[in-house]
Amino acid sequence: MASEQIGYRGPTACAAAGITYRQLDYWARTGLVEPSVRPAYGSGTQRLYSFRDVVVLKIVKRFLDTGVSLQNIRTAVQHLRECGLRDLERMTLMSDGATVYECTSPDEVHALLQSGQGIFGIAVGVVWRDVESALSQLHGERIDTGETLVGHNPADELARRRNRAV
């Protein structure tokens, strides 16, 4: 699991979530996905995003790419903020393009699929691992000291080996 003592600056969050800085800035200013570690306090200050924030950014991007309305995305983001980390990692989000549903069991997924509408799903655990892998190659920042960290995910042995070889 990603450390809750590490934050990520805007460019790092963008790289891991697959979004542009312009999107990140707009989403922060409109309150869609705000940085939970440190907001911008005017010109020259750096926003700092948590691991969870970056996962949510990537989920928002996927919803937008599939045509889910911003209103429904806002509702889903609010729900994601309220979920515990353990719940978040095990969650599957499904959408018919109009509504976003949380499915916590195969039966719920099956029931949605039986509706006959086109449905797409996001396994949050897969997004979680994608973000974890991407961030292990990027710079993080210790929340308490501001120290810059590179390849800081202790679960990523491959990244550690690559860093030692350089």
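Restricting Gln137, Gln78 to those that are surrounded by fewer than 14 Cβ atoms within 10 Å (Cβ to Cβ) and modelled with pLDDT of 85 or more reduces the list to Gln78. A count restricted to the stretch 113-133 and to residues that are open to solvent by 30 Å² or more (accessible area, probe 1.4 Å) and not hydroxyl-bearing (Ser, Thr, Tyr) stands at 13. Number of residues in the stretch 118-150 that are closer than 22 Å to Leu80 by Cα and among the aliphatic types (A, V, I, L, M): the value is 9. Here Glu4 clears all of (1) over 18 Å from Ser136 (Cβ atoms); (2) out of contact with any Pro (no Cβ under 7 Å at 6 or more places or on another chain) except the condition numbered (1). The one condition from (1) open to solvent by 60 Å² or more (accessible area, probe 1.4 Å); (2) at pLDDT 85 or above; (3) closer than 22 Å to Leu135 by Cα that Arg90 does not meet is (2).
For Thr145, the conditions (1) farther than 18 Å from Ile19 by Cα; (2) without any contact (Cβ under 8 Å) to a residue 60 or more places away in the chain; (3) open to solvent by less than 70 Å² (accessible area, probe 1.4 Å) are fulfilled apart from (3). Annotation note: Cβ proximity below 8 Å between a residue of the stretch 102-126 that is touching a residue at least 12 places away in the same chain (Cβ under 8 Å) and a residue that is open to solvent by 50 Å² or more (accessible area, probe 1.4 Å) and among the aliphatic types (A, V, I, L, M) (sequence gap 6+ or interchain) occurs for Ile119/Leu113. All conditions but one from (1) modelled with pLDDT under 85; (2) in contact with a Phe, Trp or Tyr (Cβ under 8 Å, 6 or more places away or on another chain) apply to Tyr49; the one that does not is (1).
The values are calculated or read from the model by the stated rules, or taken from the named source; none is laboratory data. All values derive from a computational prediction rather than experimental measurement. Heads up, the Cβs are rebuilt from the backbone with ideal geometry, glycines too, and the neighbour counts pull from every protein chain shown. These area figures cover heavy atoms from the full protein model, side chains too; ligands, DNA and RNA do not enter into them. Shrake-Rupley method; radii C 1.70, N 1.55, O 1.52, S 1.80 Å.
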